[in-house]
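Below is one structure, written out as structure tokens, with a few remarks after it.
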Amino acid sequence: MKRKFDHSAPSESALTGPRYWRSLDELTATPGFQQHLAREFPEGASTLDGVDRRSFMKLMAASFALGGLGLAGCRRPEKNILPFGKSIEGVIPGLPQYFATAMPLRKSAIPLLAETHQGRPTKLEGNPTYAPHGGASSLLAQASVLDLYDPERATVNTSKGDVLSAAAANDLLAGVGKTYAAVQGAGLAFLAEQSSSPTRARLVDQLRAKFPKAVWSEYEPVSDEPPAAAARAVFGAAVKPIYRFAKAERIVSLDADFLSAESGSLYYAREFAKGRRVTKKEDPMNRLYVAESALTLTGSMADHRLRLASSHIYSFAAALAGKITGDAVYARVAEGLDIKPEWIAECAADLAAHKGTSLVVAGAHQPAAVHAIAYAINASLGNIGRTVDFVEVAADESVSISDLAKAITANSVKTLVVLGGNPAYNAPAELNWPALQKSVGEVIRFGYHSDETSALAGTHLAAAHYLESWGDARTADGVVVPVQPMILPLFGGITEIETLARILGLPKTDGYSLVFDTVTALGGGDSAKTFRRFLHDGLLANSAYPIVSVNLSGRGLAQVLGSVAPAVGALSKANLEVRFVTDHTMDDGRFANNGWLQECPDPITKISWDNAILVSPRLGKELGIEPKGSLIQVARKEEADFTQGAENAHVFTLTVGGRTVRGPVHIQPGLSNYTAVVALGYGRTKSGHVGTGAGFSAYAVRTAQAPAFVTGATLVTTGTRMKLANTQEHWSMEGRDLIREANYSEYKENPDYVREMGIESHAPSNLGKVGEAMTPAQRATEIPRGGSLYETPKFDGVHQWGMSIDLNTCIGCNACVVACQAENNIPIVGKDQVMRGREMHWIRLDRYYSDGKADGRAMADLFGGEPSGNSILPEDPQISLQPIACAQCELAPCEIVCPVNATVHDDEGLNTMAYNRCIGTRYCANNCPYKVRRFNFFDYNLRPLDSLYLGQLAPKGMPELVKMVKNPEVTVRMRGVMEKCTYCVQRIQNGKIQHKVKTAQAGRPSDVVVPDGVIKTACQQVCPVESIVFGNILDPKSEVSVAKAREQDYALLGYLNIRPRTTYLGKLRNPNSKMPDYAALPLSRIEYNNKNHSGDHSSSHGEKPEKPAKQSGGHSSVLPSNHSGGLS
Amino acid sequence: MSKIFPKSANSLPLQIIIYLVVLTGIATAGVTYYMTPKYTRIGYAPVQPVPFSHEKHVSELGMDCRFCHSNVEKSGHSNVPTSQTCMNCHNQIKTNSPLLAPVRESYASGDSVPWVWIHKTPDYAYFNHAAHVNRGVSCVECHGKINEMEVVAHNQSLSMAFCLECHRNPETRVRDPKDVYDLNSQTIAAKAGVEAGEKFVHDWKIKPPQSCSGCHR
């Protein structure tokens, strides 16, 4: 059962800081001093009364000096240990406690385990009991713990400017309920967010029963689930699809970003990775076809990617369906689609050859008709019940926000209760919601921040964060999970279900009782036992949505197709499509004041603290904003005009449907030619000092008729520029072997392909012949061909830590970046410092585009030759992603250059950092070839980010609330010291200690080796695709040893002989050789060959199958044919 | 050139150098002696809000360390007991003593008794009690003979040099695990010689970290 902690405010006597004597009177008043006096000078104590200050000083001078007053300045400040008054069962100071909870988001939730230190949550992990996620969690879940400690959250209830006490707020809600009970709710309206909570659903049913005339409206600005209308039309049932990617060998995504943006993406990513992971050449590998307009993470994993405007996906889906099913009903819709017919023909053939093991997924934002077609294709291929299951969900009876707006305009709403959300910021633009909301007589807004909606509401009730609330939710597949409070509401906030219960006037309004009643009713059995198990496990067994069998109705399908016309009109600069995407870190704008998410760069654009209007390189050229060229010494075209490290973007106005918005434009390779992609969630006007003013709001031009994409837009330059914080200028690997890729077919013939790349393949091994044959464990302990200038450390620890990152499965979700930040107390630095390259992330994700054109003729155009390969921005690149953190090199170049020996190697292979010894020379960062060392240029933890340059004159001190998120197991670093990934040394040490304590107490004290899988680094624990594997390389059976033994294992920049402990597994692509855009080699590999093997000198490489045709510089036949004819 | 300086000025540079060297020597010696943890910390015996005597409770009454410091075997912190632990006995013994008033008030109200923190390492150094007491390192090695102290005093310097002294030579400082909480017991080396200590270290695979990662996180 959940412990009830009492966190009442500390009283006077509980000291919170050093206690200095301010005056002699104060000193003499304390009981301690009296005793001291009595012990030392019994006669002095008795003569104290009635003595004047001078004699007192004379008497006491000596004892003062010795007792600490005289030398108090030299003594350390007196600190206190403050144990509890009454012991708390189960609390062991120093050990964290873990409780199961869940983070709800729209109609699903992520089950979590919250790690709490001293009663407050500091880190969230996925709940491993929920098998589909396997203990992983998402980027947003990792960052949500910071939201709990947001100093700008609403801390008081307000009503018309005055503070409302909790009791008064309760009375207000009860009053609303009583008033409207009499009129059956006429005039009462609710606008709520979507929720999967069974308790809320139960309360809403009661609300509908008690207030039948009230309006219950739900609004979410972004959709992550397929529209219910599609299933209703073709299946006649309220069902939604759950995809089983692990069983699918051929997957087609119709503008669906199922790896990161859709509901259930954690599960889908994990399952997709199971099909993607290839550990030996007999393993099968799935194939992904993607048709999309924006460049999403799913698109970056695609084996074949078609750039297609979102509005043309409907026609594309129909064409594909027509080819697969042969049904003539699609022909009309597929007319006018301007792409290579072979693309569709071959894709259809591939799907048809995999009946029952293929899958077609449509993006949630696509209209119902597209989903209907996807369901039909899946049905025709026999996928239903195999790679896709349909589960029964409750039908949604809520009213849309547009209908609510109509009701408000018709003056039928007297009281509006806004539960969460932020309609004043993100409601469809044509509704002009701020005016509507102001026109309602009484507006009660229940919200977490004092935001745009609260500013227009009469009453604001401070909400509690989910980490301090009782509640429940359902995961994407329907399993009921608890939302447990980790701490009493810090500011006395209430929850949504409590609010509804009070309006209903229920006898029990506390969250715990409400959830208890719901869950015990669902779970059955002994209620106390059921509930306790529910809280312990973090889920309710057997509560998932039931899988039902469905039958496709041809008539329903024909009806849907007939009612929606295909998009007409070619897109061009004067007729652009605008695609509104949910931002990867901001979501729909709710996380605007979360510094970790603002600073986490977008995985594809690499821009932080801002959003931009993304345009394709072709459109960029037509708009005249192509970067003017590059520095002479740079062998590639810059992706933007960079000045002093910051991207200097052109500011444009985007006009669509008569509405305009202004924003910087960023050229993004891989976009559909005439689609402008805009991320939602920025441009908040009332969000706290982190979120306000970051980016621009795309909601201003978005309407309810076209919430995801709309055509008829134009971009007009304003002539001004604006700096963007772009964290990665390099977009090209320039023919280097940073990410070693091969096609799956080549891998099957030649699993050792990574050995043929890089300088290591041309030069004698750094390890010598003997060393080459050793296992990683042997290499670590025997250090073959050490011969370095300094004494290499003896690796005689009982563990040797190593890590392997599988580039084949990494999807680039950036969850590892924020997990590391949460675990290791990494500060944020603000936009200005990010523009100077000073972001503090210990692990970063590098993203590269390859178009197969980079070659060794850099600067050829300077001398009148044909432009060299990287002198144009790629329109249709392949994307490669690589997470890089400190690789804990065995022969680390950073250790030998530290003048004060602050960074040394330990006997278990870690490159350690002693922060207190570091003097800030930064030579180590200079010497690091991976550039993973981060320097604290300013006191980011102590001084506000807007006055860093004032140094010591800036206001001092982090708000107490923000301090609470820090992990007490890790040092909080100050200005002037270097930091970097430590393989989560705190977890390693704690793991080792706990293991030793356990075995010592069990009588087996010599068992000191920690079993594999017990110690997990933060990045490993959060990774949904299990791409990061960490463990003991001395153990040949550990996961990491097995990964390093795979043939695709290689070290980044291995030729430098620094022997990194983090190695990578090469990436594989699985293209279909019959497709028109087939390339016999991955494009980055072609670039590598161009750069390194130009001319004929490959005779020394021997005969290998699938070798590329000899390059003579320039474009060879292995390059994909130009597909600029794609519909744009 | 007129004579500006008297002849005795010739020896001035040498005098200045000698004085500087002597001064530096004194300053260095002063700093080395006075400004190290060995001088500044050892002997620190602050006045506590309640005059708890370990001598009475441990030596006279025979309480085990773990009765109060109950989590020392499980956690990195060796917890100072809550007032409830004190009240377990003191609700029957010395129930009206004015010296125990802070404890009774704390138990009644839930506020903490503001004990003064004596053994404190810097925030960036992480010491873990459980790893030590479960593996043969007794309380007395770092805290001295607490069982004989009326007032707890800082007994050892607890500087990094002090820690490394034992970490480099654990064989002389370990004792039988059942003697860890007996502060009058002897180390294995004292009882049976250094070889016995070395055998214990070998059998238990005691490898105290000597690298920074052991304590600096």
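Peptide B:104-110 has a mean shielding of 4, counted as Cβ atoms of other protein chains within 10 Å of each residue's Cβ. Across peptide B:114-120, the average count of Cβ atoms from other chains found within 10 Å of a residue's Cβ is 5. Computed from the Cα positions only, the extents of the range A:463-555 along the three principal axes stand at 55, 34, 25 Å, in decreasing order.
About the Cα centre, and with charges only on the beta carbon of Lys, Arg (+1) and Asp, Glu (-1), how big is the dipole of the range A:177-319? Nearest 20 debye, please.
Values: 20 positive and 15 negative charges, 88 e Å.
Roughly 420 debye, rounded to the nearest 20.
Partner shielding of A:791-797 amounts to 1, given as the average count of beta-carbon atoms from other chains within 10 Å of each residue beta-carbon. Counting Cα-Cα pairs of the range A:241-360 in 5 Å increments starting at 0 gives whole-percent bin shares of 2, 11, 21, 23, 20, 14, 6, 2, 1, 0. Please name which of A:404, A:252, A:158 has its Cα lying farthest along the dipole of chain A towards the positive end, using unit charges on Cβ (Lys, Arg +1; Asp, Glu -1) and the Cα centre as origin. Result: A:158, furthest along the dipole toward the positive end. Taken about its Cα centre, the range A:528-680 carries a charge dipole of about 500 debye when Lys and Arg each add +1 at the Cβ and Asp and Glu each add -1 at the Cβ. According to the Kirkwood expression over distinct Cα-Cα pairs, how big is the hydrodynamic radius of the range A:182-232, in Å? Computed over the range A:182-232, the radius equals 12.5 Å.
Please give the per residue accessible area of chain A, computed with a probe of 1.4 Å over protein heavy atoms only, in Å². Write down the numbers at each step before the final one.
Numbers: 42620 Å² over 1128 residues.
Spelled out: the 1.4 Å probe surface of chain A, per residue, equals 38 Å².
Extending 7 Å from Cα along the Cβ direction at residue A:916 and again at residue A:728 yields two label points whose distance is 3.8 nm. Between the listed residues A:970, A:955, A:873, the Cα displaced farthest toward the positive end of the dipole of the range A:869-971, a dipole computed from Cβ unit charges relative to the Cα centre, is found at A:955. Dividing the convex hull volume of the alpha-carbon atoms in the range A:711-753 by its residue count gives 178 Å³ per residue.
Shown in residue order for the range A:470-479 are the 3J(HN,Hα) couplings computed by the Karplus curve 6.51 cos²θ - 1.76 cosθ + 1.60 at θ = phi - 60°: 8, x, 8, 7, 10, 6, 4, 9, x, 6 Hz (x for Gly and Pro).
Buried between B and A is an accessible area of approximately 4500 Å², summed over both sides with a 1.4 Å probe.
First measure r as the distance between the Cβ atoms of residue A:1006 and residue B:53, then evaluate 1/(1 + (r/R0)^6) with R0 = 56 Å and state the FRET efficiency to the nearest 0.05.
Numbers: r = 40 Å, r/R0 = 0.71.
Efficiency at R0 = 56 Å is approximately 0.90.
The share of Cα pairs per 10 Å bin across the range B:75-163, counted from zero up to the longest distance, runs 13, 37, 32, 17, 1 percent. Beta bridges per DSSP, both residues in the range A:581-674: antiparallel share near 75 percent.
Rg over Rh for the range A:76-162 works out to 1.10, using Cα positions for both radii and the Kirkwood form for Rh.
Given that compact globular proteins tend to follow 2.2 N^0.38 Å, what is the ratio of the alpha-carbon Rg of the range A:367-480 to that value?
On the way: Rg = 19.5 Å, N = 114, 2.2 N^0.38 = 13.3 Å.
Dividing the Cα radius of gyration by 2.2 N^0.38 Å gives 1.46.
Gain on full extension, evaluated as 0.36 nm per residue between residue A:76 and residue A:558 minus their Cα-Cα distance, stands at 165.3 nm.
With the largest listed first and rounded to whole Å, the semi-axes of the equivalent ellipsoid of the range A:639-785 from the Cα gyration tensor are 49, 20, 16.
Rounded, prolate or oblate, given the Cα gyration tensor of the range B:133-184, with a/c below 1.5 counting as rounded? Walk me through the numbers on the way to the answer.
Details: a/c = 2.83, a/b = 1.14, b/c = 2.49.
Note, shape of the range B:133-184 comes out oblate.
From largest to smallest, the equivalent ellipsoid semi-axes obtained for the range B:96-217 from the alpha-carbon gyration tensor read 32, 19, 12 Å. Treating each Cα of the range A:305-446 as one equal point scatterer and applying the Debye formula with no solvent, the log10 of I(q)/I(0) at q = 0.20 Å⁻¹ comes out as -1.10.
Report note on the peptides A:1016-1028, B:55-67, A:458-470: ranked by the mean count of other C-beta atoms within 10 Å, highest first, their order is A:1016-1028, A:458-470, B:55-67. The convex hull defined by the C-alpha atoms of the range B:15-113 has an orientation-averaged projected area of 10.5 nm². In the range B:173-217, burial by the other protein chains removes 10 Å² or more of 1.4 Å probe accessible surface, compared with the chain on its own, from B:203, B:204, B:205, B:207, B:211, B:212, B:213, B:214, B:216, B:217.
Between the amide H of residue A:490 and any residue lying 5 or more places away or on another chain, no distance stays under 5 Å, with hydrogens modeled in the peptide plane. Estimated from helices alone, the mean residue ellipticity of the protein assembly as shown at 222 nm is -8000 deg cm²/dmol (sum of -39500 (n - 2.57) over DSSP H runs with n ≥ 4, per residue). Cross-link partners of residue A:281 among aspartates and glutamates, defined as those whose alpha carbon lies under 18 angstrom from its own and excluding same-chain residues fewer than eight positions apart: A:249, A:741, A:746, A:749, A:752, A:756, A:806, A:1047, A:1049, A:1106. The length gained by stretching the chain between residue A:432 and residue A:720 to full extension, at 0.36 nm per residue less their Cα-Cα distance, is 100.8 nm. Residues whose amide H falls under 5 Å from that of residue A:581, counting only those 5 or more places apart or on a different chain, are A:678, A:679, A:680, with hydrogens built in the peptide plane.
Dividing the convex hull volume of the alpha carbon atoms of the range A:746-861 by its residue count, what do you get in Å³ per residue?
Working: hull volume 30.5 nm³, N = 116.
Per residue, the Cα convex hull of the range A:746-861 comes to 263 Å³.
Counting only lysines at least 8 places from residue A:529 when in the same chain, those with an alpha carbon closer than 25 Å to its own are A:2, A:4, A:508.
Shape summary of chain A, radius of gyration then Dmax from alpha carbon positions: 31.5, 111 Å.
On a per residue basis, the range B:11-160 carries 55 Å² of accessible surface, using protein heavy atoms and a 1.4 Å probe. Normalised by 2.2 N^0.38 Å, with N the number of residues, the alpha-carbon radius of gyration of the range A:814-951 equals 1.35.
Among DSSP bridges having both ends in the protein assembly as shown, what percentage is antiparallel? Round to the nearest 5. The partial results should precede the final answer.
On the way: 81 of 131 bridges.
That works out to approximately 60 percent antiparallel.
In the range B:76-96, the residues whose accessible area drops by at least 30 square angstrom when the other protein chains are added to the isolated chain are B:77, B:80, B:82, B:84; the probe is 1.4 Å and only protein heavy atoms count. Here is the size of the range A:996-1094 from its Cα atoms: Rg then Dmax, 20.0, 67 Å.
Order these peptides, A:208-219, A:549-560, A:679-690, by their mean beta-carbon neighbour count within 10 angstrom, highest first. It would help to have the intermediate numbers written out before the result.
Working: A:208-219: 17.7, A:549-560: 15.9, A:679-690: 22.2.
Highest mean packing first, the order is A:679-690, A:208-219, A:549-560.
The P(r) of chain B has a tail past 32 Å containing 37 percent of all C-alpha pairs.
In units of 2.2 N^0.38 Å, what is the alpha-carbon radius of gyration of the range A:612-685? Provide the component values of the computation, followed by the final result.
Working: Rg = 13.5 Å, N = 74, 2.2 N^0.38 = 11.3 Å.
Taking the Cα Rg and dividing by 2.2 N^0.38 Å, one obtains 1.19.
Is there a quick way to get the dipole size of chain A? I mean about its Cα centre, with the Cβ of Lys and Arg at +1 and of Asp and Glu at -1; what is the value in debye to the nearest 20? Can you show the working numbers first?
Details: 117 positive and 115 negative charges, 210 e Å.
It comes to approximately 1000 debye.
Simple rule: put +1 on each Lys or Arg Cβ and -1 on each Asp or Glu Cβ in chain A, find the dipole, and look at A:582, A:640, A:311; the Cα lying farthest toward the positive end is A:582. The packing ranking of peptides A:913-924, A:589-600, highest mean first, is A:589-600, A:913-924, where packing means the average number of other beta carbon atoms within 10 angstrom of each residue.
Taking only the C-alpha atoms of the range A:132-204, Rg followed by Dmax gives 17.9, 50 Å. For residue B:133, the shell of other residues with beta-carbons less than 15 Å away shows a net charge of +2, using +1 for Lys and Arg and -1 for Asp and Glu. Amide hydrogen proximity for residue A:694: with H placed 1.01 Å from N in the peptide plane, the residues at 5 or more positions away or on another chain lying under 5 Å are A:683, A:684. Buried by at least 40 Å² relative to the chain on its own: which residues of the range A:80-125 qualify, computing accessible area with a 1.4 Å probe on protein heavy atoms? Listed by number, the residues meeting the 40 Å² cut-off are A:80, A:81, A:83, A:85, A:86, A:87, A:92, A:93. Listed by chain and number, the aspartates and glutamates whose alpha-carbon sits under 14 Å from that of residue A:998, ignoring those within fewer than 8 places in the same chain, are A:1007, B:73. For chain A, the fraction of 1.4 Å probe accessible surface lying on carbon and sulfur atoms is 54 percent. Here the Karplus curve 6.51 cos²θ - 1.76 cosθ + 1.60, taken at θ = phi - 60°, turns the phi angles of the range A:726-734 into couplings of 9, 8, 9, 7, 6, 9, 10, 7, 6 Hz, with x standing for Gly and Pro.
Average 1/r across all pairs of distinct alpha carbons in the range A:897-1001, invert it, and you get the Kirkwood radius: 15.9 Å.
The values are calculated or read from the model by the stated rules, or taken from the named source; none is laboratory data. A quick note: this is a predicted structure, and the numbers were derived from the prediction, not measured. Methodologically, a virtual Cβ is constructed for each residue, glycine included, from the backbone with ideal geometry; neighbour enumeration extends over all protein chains shown. The protein model used for the area step is the full one, side chains on, heavy atoms only, and it has no ligands, DNA or RNA in it. Shrake-Rupley method; radii C 1.70, N 1.55, O 1.52, S 1.80 Å.
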